[in-house]
Amino acid sequence: MRRYARILIFIVVLVVLSGLAVGFKTITIGNFERGGEDTLLGLTLGLDLQGGSHLVYQASLFSEPEEPGMSGERIPPTADQMDALKRTIERRLNSSGLGEPILQVLGEDRLLVQIPGVSDPDSAKALIGETAQLEFKHRTRNVPQPLEFEQGEIVSYSVVEVTPELFAPPEEEGEADTEGSEGKGTDEANTQESGSADDEETDSEDAAASSEEGDDEAEDTAPAVPGPPGLVVEFSDTGFAKFSETVNEMRDSLIAGQGATNIFPDRLAFSLAGAEAQEVEVTYQQAILLEDGQVVPVGGDPYVTEIIGTNKYVISLLTAFPDADDLTAEAERQFAPGGELVFKLIKGFVDEDIGLTGDDLARAYPGQHQGSGAPIVNIEFNGEGTRKFAEITTEIAGTNDQIAIFLDDAELIAPVAEQAITGGTAFISGRDFTIDRVRDIALLLESGRLPIPIELILEKDVDAILGSDSLEKSVRAGVVGLILVFLFMLLYYRMPGLIAALALLIYALMLIAIFKMLPVTLTLSGVAAAILSVGMAVDANILIFERMKEEMRAGRTLLSSINIGFNRAWSAIRDSNVSTLITSGILYWFADTLGATVVQGFAATLAIGVMLSMFSAIFVSRTLLRIVALTGIGRRLRWFVPTEGKNLPQLQLEPRV
């Protein structure tokens with residue numbers, strides 16, 4: 001018994017681990033993640049069982065037009081181009097974690113992409129990059145642009161106190177007097193209605209008391225705090241339109257673009273013409289600089305505000321002179337009347353095309369820094385790209401200028417160059433980089449260099465209702481089949497049949513665990529292959545039991561019959577399973593070559609099931625039979641040979657009473 005203890009412990013550990021793998025829908029160990037909450041037992045299901053996205057792309061290769069304005073003729077792609085396209089998209093989707101894609105070339109110029117579990121085709125299209133155009137641009141920081149105003153377009157300017165009354169709509173002529181007279185008449189009418197002639201004396205006394213009370217309150221009230229100084233500038237109609245356009249640019253610069261990691265706000269610089277004049281800079285709105293270099297608006301009133309109904313703007317001088325003891329006095333001194341007001345817009349950044357595109361990028365992939373272990377994005381350029389990249393990095397190395405990377409005109413990332421890079425290989429790092437982010441950036445960089453241009457001609461969501469019904473019926477059929485197999489084994493083989501049923505349950509548990517942990521994408525054909533492998537596992541046990549019975553009829557002991565029966569049945573089990581594995585390998589190779597993913601899944605699932613059935617028959621069934629043979633149950637030989645059990649030689653030699 002002791003010599004089988006290690007194998008038994010090994011089997012128990014496998015069963016426990018398999019049970020845990022199947023019992024928890026999601027399994028996360030460090031960076032290792034398997035399973036999902038939305039599928040049966042957390043298994044990875046195919047498109048026919050789970051639903052998902054169904055996309056069909058067509059290659060868009062055209063010849064040069066014979067005349068300007070005309071479109072060229074469509075050119076069919078080569079088989080190598082379509083194969084490269086398929087492999088590129090397949091690698092990109094596999095790395096994205098969206099699921100196990102199913103890709104198949106249709107005809108000579110179409111590609112079918114099916115992604116199980118993805119109900120929104122947009123998420124898949126974003127990674128596939130049907131029209132993705134990757135561009136690298138030189139981003140120059142803080143570029144001054146003078147604002148040219150013609151004579152008379154700036155009418156006047158003055159320093160005022162910025163208060164809410166400054167922005168009140170202008171009153172029309174005579175409006176104040178009319179409102180005053182109406183208010184006075186209303187008060188008199190109310191007084192007449194609420195009082196009488198007899199009460200005039202009392203009213204006079206009350207009025208006097210109110211007046212005295214008001215004087216006391218006026219003495220106790222603190223003086224009003226003056227508002228911050230501001231520069232009010234009045235423009236002509238044409239000057240107002242020019243300045244308004246500049247203010248709109250400043251406002252838009254505080255809105256981060258899609259994928260932008262930093263905001264570089266435009267700034268308005270202004271001063272009086274002259275050597276001693278101090279230049280003042282303001283943004284459209286208050287903004288702060290974070291530790292990672294990102295500039296973000298923090299709310300509050302704009303620093304450049306239009307006075308509605310006029311051609312005037314108020315520019316706040318609250319932060320203009322931080323060292324001044326008297327801010328208002330300093331503002332009045334700097335912007336004394338009679339000078340010439342000069343404006344310029346300091347652009348936060350200006351992007352310049354440098355001719356470096358996705359065609360020049362050879363490869364992009366995620367990685368980790370050798371020294372710090374921080375996540376990075378590795379990039380490699382081809383020959384022409386190496387030359388262009390060396391030129392731009394040599395020009396901007398050590399400056400605040402950046403290399404802005406755009407995908408379909410949306411900013412992806414904008415790194416700086418710490419040094420000139422002439423070898424064509426570099427890496428991009430960032431303080432906020434994570435493993436997931438560098439993977440996504442690498443995938444998006446890759447999406448800018450598809451082997452051939454493609455266009456989406458068909459997209460649809462595949463409903464999983466029919467697939468769920470098919471899965472439910474398949475599971476039901478599998479359970480019924482197992483029960484029938486168990487009954488047959490128990491009724492015909494008795495004790496060996498019970499052990500075979502137990503081994504079959506262990507086999508099924510381990511098979512599901514393997515499907516989940518690899519993971520294997522289960523389709524209807526895969527479920528059929530799994531059920532077929534269960535039948536083959538039972539077939540191996542039947543061969544063993546029949547050989548064991550022959551040895552027992554020859555007069556051998558139970559334990560000896562088990563050992564010899566396994567040894568003599570092994571050659572038949574080995575040959576049949578190896579032939580099945582060879583067939584599975586041939587099916588898998590042809591399916592991979594021809595793009596028949598359904599057949600490929602069937603072959604892979606069948607091969608896994610066959611190999612596991614061999615393990616189950618040799619280790620699980622044999623170990624359990626040996627252990628049972630060493631217990632008291634092993635003396636009841638009729639339980640092991642139900643047919644013709646009375647004629648066993650071992651029973652004839654037993655003493656009779």
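The values are calculated or read from the model by the stated rules, or taken from the named source; none is laboratory data. Computed from a predicted model, the values in this text were never measured in an experiment. Here the Cβ is made from the backbone with ideal geometry for all residues, glycine too, and neighbour counts use every protein chain on show. Surface accessibility is based on the protein's heavy atoms, side chains included, excluding ligands, DNA and RNA. Shrake-Rupley method; radii C 1.70, N 1.55, O 1.52, S 1.80 Å.
Once amide H atoms are built 1.01 Å from N in the peptide plane, which residues 5 or more positions from Ser253, or in another chain, come under 5 Å H to H?
Asp266
Provide the gained length on full extension for the span Leu532 to Arg87, in nm with one decimal, where the gain is 0.36 nm per separating residue minus the Cα-Cα distance. Walk me through the numbers on the way to the answer.
Numbers: separation 445, 0.36 × 445 = 160.20 nm, distance 3.12 nm.
Gain on stretching Leu532 to Arg87: 157.1 nm.
Computed FRET efficiency, Cβ-Cβ of Val298 and Glu276, R0 51 Å: what is it to the nearest 0.05? Could the numbers behind the result be given before it?
Working: r = 33 Å, r/R0 = 0.65.
It comes to 0.95.
How big is the accessible area of Leu490 in square angstrom, nearest 10, if you roll a 1.4 angstrom probe over the protein chains?
Rounded to the nearest 10, the figure is 70 Å².
Using only protein heavy atoms and a 1.4 Å probe, report how much of Glu446 is accessible, in Å² to the nearest 10.
20 Å²
Which value, to two decimals, describes the C-alpha radius of gyration of the range 259-370 once divided by 2.2 N^0.38 Å? Mind showing how you got there, number by number?
Values: Rg = 20.4 Å, N = 112, 2.2 N^0.38 = 13.2 Å.
Computed over Cα atoms of the range 259-370, the ratio equals 1.54.
Per residue of the range 568-576, what does 6.51 cos²θ - 1.76 cosθ + 1.60 with θ = phi - 60° give for ³J(HN,Hα)? Whole Hz please, x for Gly and Pro, Karplus curve as stated.
So the Karplus estimates, Gly and Pro as x, are 7, 7, 4, 4, 5, 5, 4, 5, 5 Hz.
Quick one: what are the phi-derived ³J(HN,Hα) couplings along the range 496-503, Karplus 6.51/-1.76/1.60 with θ = phi - 60°, whole Hz, x for glycine and proline?
Values, residue by residue: x, x, 5, 5, 5, 5, 5, 4 Hz.
What is the Cα centroid distance between the range 2-25 and the range 466-535, reported in whole angstrom?
That distance is 19 Å.
Whole angstrom only: what separates the Cα centroid of the range 267-290 from the Cα centroid of the range 608-641?
Each part reduced to its Cα centre gives a spacing of 88 Å.
What ³J(HN,Hα) values, in whole Hz, does the Karplus curve 6.51 cos²θ - 1.76 cosθ + 1.60 give for the range 313-326 when θ = phi - 60°, with x put for Gly and Pro?
So the J values, rounded to whole Hz, are 10, 10, 10, 5, 10, 4, 10, 6, 10, x, 8, 6, 6, 10.
Could you check the simple spin-label distance between Thr26 and Phe62, using points 7 Å along Cα→Cβ, in nm with one decimal?
Modelled inter-label distance: 4.6 nm.
Once label points are set 7 Å from the Cα along Cα→Cβ at both Tyr492 and Leu581, what is their separation, rounded to one decimal in nm?
In this crude spin-label approximation the distance works out to 2.7 nm.
Grab the Cα-Cα distance for Thr434 and Asp359, subtract it from 0.36 nm times how many residues apart they are, and report the gain in nm with one decimal.
Working: separation 75, 0.36 × 75 = 27.00 nm, distance 2.69 nm.
Full-extension gain reported as 24.3 nm.
May I ask for the net charge around Thr580, where only other residues with Cβ less than 15 Å from the Cβ of Thr580 are counted and Lys, Arg are +1 while Asp, Glu are -1?
Once all neighbours under 15 Å are counted, the net charge is -1.
Normalise the Cα radius of gyration of the range 535-596 by 2.2 N^0.38 Å (N = residues in it) and let me know the number. Could the numbers behind the result be given before it?
Numbers: Rg = 16.8 Å, N = 62, 2.2 N^0.38 = 10.6 Å.
Computed over Cα atoms of the range 535-596, the ratio equals 1.59.
Take the Cβ-Cβ distance between Glu546 and Arg6 as r, set R0 to 30 Å, and report the resulting FRET efficiency rounded to the nearest 0.05.
Working: r = 29 Å, r/R0 = 0.96.
For Glu546 and Arg6, the calculated efficiency is 0.55.
Of all the accessible heavy-atom surface of the range 541-609, with the other protein chains kept in place and a 1.4 Å probe, what percent is carbon and sulfur?
On the way: 2090 of 3220 Å².
Percent of accessible area from carbon and sulfur atoms in the range 541-609: 65.
Could you pull the accessible area for Tyr492 with a 1.4 Å probe, rounded to 10 Å²?
Its accessible surface works out to 90 Å², give or take rounding.
Amide H neighbours of Leu147 under 5 Å, counting only residues 5+ apart in sequence or on other chains, H built in-plane at 1.01 Å?
Phe343, Lys344, Leu345
Using a 1.4 angstrom probe on heavy atoms only, work out the carbon and sulfur share of the accessible area of the range 286-328 in %.
Values: 1250 of 2510 Å².
Here carbon and sulfur together make up 50 percent of the probe-accessible area.
Would you please state which residues of the range 519-548 a label at Ala572 would reach in this model, taking the label point 7 Å out along Cα→Cβ and a backbone N cut-off of under 16 Å?
Backbone N within reach: 536-548.
Which values, in whole Å and largest first, are the semi-axes of the equivalent ellipsoid of the range 423-576 obtained as the square root of 5 times each eigenvalue of the Cα gyration tensor? Could the numbers behind the result be given before it?
Details: eigenvalues 527, 103, 42 Å².
For the range 423-576, the ellipsoid semi-axes come out as 51, 23, 14 Å.
Using a 1.4 angstrom probe on the protein heavy atoms only, line up Arg34, Arg3 by accessible area, largest first.
The ranking, largest first, comes out as Arg3, Arg34.
Figure the gain on full extension for Asp80 and Glu245 (residue separation times 0.36 nm, minus the Cα-Cα span) and round it to one decimal in nm.
Working: separation 165, 0.36 × 165 = 59.40 nm, distance 5.25 nm.
Answer, rounded to one decimal: 54.2 nm.
Using the alpha-carbon centroid of each, what span in Å lies between the range 359-399 and the range 330-346?
Taking the Cα centre of the range 330-346 as reference, the centre of the range 359-399 is 46 Å away.
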